[in-house]
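A quick write-up on the structure given underneath.
Read the figures in this text as sums done on the coordinates, not as results from a lab. Values in this document were obtained by computation on a predicted structure and should not be read as measured data. In this analysis, Cβ positions are derived from the backbone assuming ideal geometry, glycine residues included, and neighbour counts consider all displayed protein chains.
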Amino acid sequence: MWDIMRDTAKAAKSPDRKLFQRGQLIFKEGDRGDAAYMVEYGKVNIFKTVSGRRILLGEVTPWNIFGEFALLDNEPRMASAEAAEETVCYVLQKQVIEDMMAETSVGLANLIQTLLRTARANGEALAQARAELLERSRQG
């Protein structure tokens, strides 16, 4: 974990830090991605909206990165991110991620793209399944 943090910080030179208050939206599902974030402290909820309901996909805790998919595959954000409590994140600009990917072998870059497509599809399926379970539990 420390190697990833060190390498990411090194690649970003001196990344900006940003404070998010509890409940503050960091980015919205469908937005264009211009940065990824590494949590320094606090917690971030990642969620999708399905049939008007907010479906939690996961929580991001210190020293983990979120928002990277949109930078790696240039697709819109697959989910929204919101600070679950006061949170400080390092902001990793798109160019930093692109520079890191440019140093990666073609084979590894292709593998990463394949993993991203699979993760996006699984995120959609998970959100839909959780929404259906929530609906069933409310009905019966």
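So what's the net charge close to GLU85: Lys and Arg +1, Asp and Glu -1, counting the other residues with Cβ under 11 Å from its Cβ?
Details: positive: ARG22, LYS43; negative: GLU59, GLU82, GLU86.
Around GLU85, the surrounding residues sum to -1.
Between ARG53 and ASP73, how high is the FRET efficiency from 1/(1 + (r/R0)^6) when r is the Cβ-Cβ distance and R₀ = 30 Å? Nearest 0.05. All intermediate terms of the calculation are to be shown ahead of the outcome.
On the way: r = 26 Å, r/R0 = 0.87.
The computed FRET efficiency comes out at 0.70.
Across the chain, where is the longest run that never hits trypsin sites (Lys or Arg not before Pro) in a DSSP loop with at most 13 other C-beta atoms within 10 Å?
With a cap of 13 other Cβ atoms within 10 Å, the longest stretch comes to 33-140.
Here the extension length gained between LYS28 and MET101 equals 23.8 nm, from 0.36 nm per residue of separation less the Cα-Cα distance.
All other residues whose Cβ lies under 9 angstrom from that of LEU71 are scored, Lys and Arg at +1 and Asp and Glu at -1, for a net of -3.
The stretch between LEU108 and LEU133 holds 5.3 nm of extra length on full extension. This uses 0.36 nm per residue minus the Cα-Cα distance.
Shape class of the chain from the alpha-carbon gyration tensor: oblate, with a/c at 1.5 or above and b/c at least as large as a/b.
Between LEU115, LEU72, LEU56, where does the largest GNM mean-square fluctuation fall for the chain, given springs only between Cα atoms within less than 10 Å? Between LEU115, LEU72, LEU56, it is LEU115 that shows the largest mean-square fluctuation. Only helical runs count toward this figure. For the chain, summing -39,500 (n - 2.57) over DSSP H runs of n ≥ 4 and dividing by all residues gives -13500 deg cm²/dmol at 222 nm.
R0 = 25 Å: FRET efficiency of GLN21 with ASN64, Cβ-based, nearest 0.05? Mind dumping the intermediate values first?
On the way: r = 20 Å, r/R0 = 0.79.
Plugging the Cβ-Cβ distance into 1/(1 + (r/R0)^6) gives 0.80.
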